[in-house]
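Down below is the structure, laid out as structure tokens.
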Amino acid sequence: MNPHDASGRALWLRTFQAGTTTAVVLIPQAMAYAMVAGLPPIHGLYASLLPLVLYALVGRSRELAVGPGALDTLLVGAALGGLAVVTADNYAYHAALLALMVGAVQAILALLRAGFLINFLSRPVISGFTSAAALVIALSQARHLLGYDAEGSMRGLALLHQLWDQAPHAHKLTAAVGLGSVVLLVIAKRSAPRAPYALAVVALMALAGHALSLETRGVALVGAVPSGLPSLTIPPFEWATLVLLAPTALTIALIGYLTMISIAQTFANRGAYEVCPNRELAAAGIANIGAGLTQGFPVSASFSRSAVHASAGSPSPHALAVTAGWVGVTLVALTELIEPLPRATLAAIIVTAVLSLVDLSAAQRLWRVKRADFWLLFFTFCVTFTVGIEEGILGGVLASLALFLFRTTRPHAACLGRIPGTTDFRNVKHYPKAETFPGVLIVRIDAQFYFGNVSFLRAWLRDQERRMEVPLRAVVLEACSLNQLDSSANDALEEIVAAYRRRGVRFVTASVKRPVAAVMQASGLWDAIGAGNHHLNVQDAVDAVTGAASLNPSER
């Protein structure tokens, strides 16, 4: 036997097994997430067909399970549910149009190699947004899970109030089916996490729906599902509608790509291979364009499905084509089996899936590590849960930028002293026994020096001088942490040096980096300070201002 033939057959077998395993998880989840987006369940299958094939052709992640995800579908529902131009008749067209717009944004960003824009979505913002969105998604499914009539909403407080008011009026049999499905899913996941438990519960409840005639007893079922593959169509649109949907399209494009690249890089690191962020961005865009052309809605990826995909041994992105094949088989030949499925069971699948996205450990870790980032997470969570989904992510991004500006305009600065018996200089705040020199102020700025923190530096230097017990006679600037110097900061530094000179205070530098020195030389500040006032290290600078024979420091 040719060993190459044997290895080839083994590779195709692994590909088939991984794609089949993922299809078992994807099919019920896709139908469930379509409900989150406000669409009939069949559109979840439409969104799980061509996008998977296109990603398999363009993407490079072996384990990434592309398809409908929790956050993007929630954003679809939030956006379309609030537009007056969207009606029940044209809802699916607008969802497909939104997918096309998301795909276009991602494709354009990929062509511009603009994957770095995702850096504006900091981890605390994403964590707070994801946790709040997961709770909103779960609450939004309460009406399907318990069987009460209520208008859809994407605001957590409104949904909580709705649940409180309507729970006593829930349809008892629907609630029994929904809560029973939740219990079955939880038990099955704990006892057999690698088994196709979601599909098993779907099959069981569909059988119950048919055998017990649940629809005649008031339980809402999936109902008639059109069979056959979706046709390739461009959804009709107007320019005014594009303008209305543009902010949501940009938000979904960034959130969806962040989800996909985070999962892809996680598994790539585990598998010791690389993925190209811009190529993955292009693959995401092409997949979403495919979803828009086949009556789907925006897609991204799911970590839980990707974990299943990885554990099934997916050897390449081509396994997703196998998954898409099973979705196609379902659309062509198995839609009648879906019709008696209770919608409460699909709601149960959503609830059990999204609650795992609530990340309390991230909040606990940030509380210990960085309180400012914890409050950023908390702010994003609160805005998302109480005000709205899009407002939450926008508010989180703006708060993140505001925190960044606050930090850079008030950078960390330190007065230094020498560790006894060494030539090492450390922050006297943390090393109170560090030796200082009478009348000499040794300072370090741990940030770039630019127009935004000029005023802070002036005020900070004045404050440090006021704390000295003897008159100031020299300032040593330890510039090892000064990475950049813009023109405004250079001018301000020149004014500070000139003011010190008029008072007879000597100004010297130590460890100036080449890019900063280049700016100072070009502006004339280097010569204004004086060629003899630039040193390679702090010890040399201190020797220069104190004299080599007067190195007996004393506490200020």
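The numbers here are math on the coordinates, done by the rules we state, and not lab data. Owing to the predicted nature of the structure, the values given are computational and were not obtained by experimental measurement. Cβ placement follows ideal geometry from the backbone for every residue including glycine, while neighbour counts extend to all protein chains displayed.
With the contact rule set at Cα under 8 Å and sequence spacing of 6 or more, what percent relative contact order holds for segment 413-546?
Working: 214 pairs, mean separation 29.3, N = 134.
Computed value for segment 413-546: 22 percent relative contact order.
Within the chain, what is the number of lysine pairs with alpha carbons under 28 Å apart, leaving out pairs fewer than eight places apart on the same chain?
Values: K172/K189; K370/K429; K370/K433; K429/K513.
Counting lysine pairs in the chain gives 4.
Neighbours of R62, meaning other residues whose beta-carbon lies under 12 angstrom from its beta-carbon, give a summed charge of +1 when Lys and Arg score +1 and Asp and Glu score -1. Working from Cα pairs under 8 Å separated by at least six residues, relative contact order for the chain is 23 percent. Cβ crowding within 10 Å ranks L112, L160 as L112, L160, fewest other Cβ atoms first. Normalised by the number of residues in segment 116-252, the average gap of Cα pairs under 8 Å and 6 or more apart makes the relative contact order 17 percent.
The H on the amide N of R506, modeled in the peptide plane, is under 5 Å from the matching H of A474, V475, each at least 5 residues off or on a different chain. Computed per residue of the chain from DSSP H runs no shorter than four, each worth -39500 (n - 2.57), the mean residue ellipticity at 222 nm is -20000 deg cm²/dmol. The Cβ shell under 15 Å around V519 holds other residues with a net charge of -2, Lys and Arg each +1, Asp and Glu each -1.
Residues whose amide H comes within less than 5 Å of that of E435, counting only those at least five positions distant or on another chain, are R418, I419 (H built at 1.01 Å from N in the peptide plane). Here the Karplus relation 6.51 cos²θ - 1.76 cosθ + 1.60, evaluated at θ = phi - 60°, turns the backbone of segment 386-399 into coupling constants of 9, 9, x, 5, 5, 5, x, 5, 5, x, x, 5, 5, 5 Hz, with x for every Gly and Pro.
Between helix 319-333 and the chain there is an angle of about 30 degrees, using the helix long axis and the longest principal axis of the Cα atoms.
Rg over Rh of segment 74-222, using C-alpha atoms and the Kirkwood radius, what does it come to?
Values: Rg = 19.4 Å, Rh = 18.6 Å.
On the Cα set of segment 74-222, Rg over Rh gives 1.04.
Per-residue 3J(HN,Hα) values for segment 231-242, derived from phi via the Karplus relation 6.51 cos²θ - 1.76 cosθ + 1.60 with θ = phi - 60°, read 8, 7, 9, 9, x, x, 8, 10, 4, 4, 5, 4 Hz in sequence order (x marks Gly and Pro).
Note on Y91, Y55, Y273: ascending count of other Cβ atoms within 10 Å places them as Y273, Y91, Y55, the fewest first. Computed from backbone phi, the HN-Hα couplings of segment 25-37 come to 7, 5, 4, x, 5, 4, 5, 5, 5, 4, 5, 4, 6 Hz, rounded to whole numbers (Karplus: 6.51 cos²θ - 1.76 cosθ + 1.60, θ = phi - 60°; Gly and Pro given as x). Amide H to amide H, with H built 1.01 Å from N, S481 comes under 5 Å of I445, counting only residues 5 or more places away or on other chains.
Listing L536, L80 from fewest to most neighbouring C-beta atoms within 10 Å gives L536, L80.
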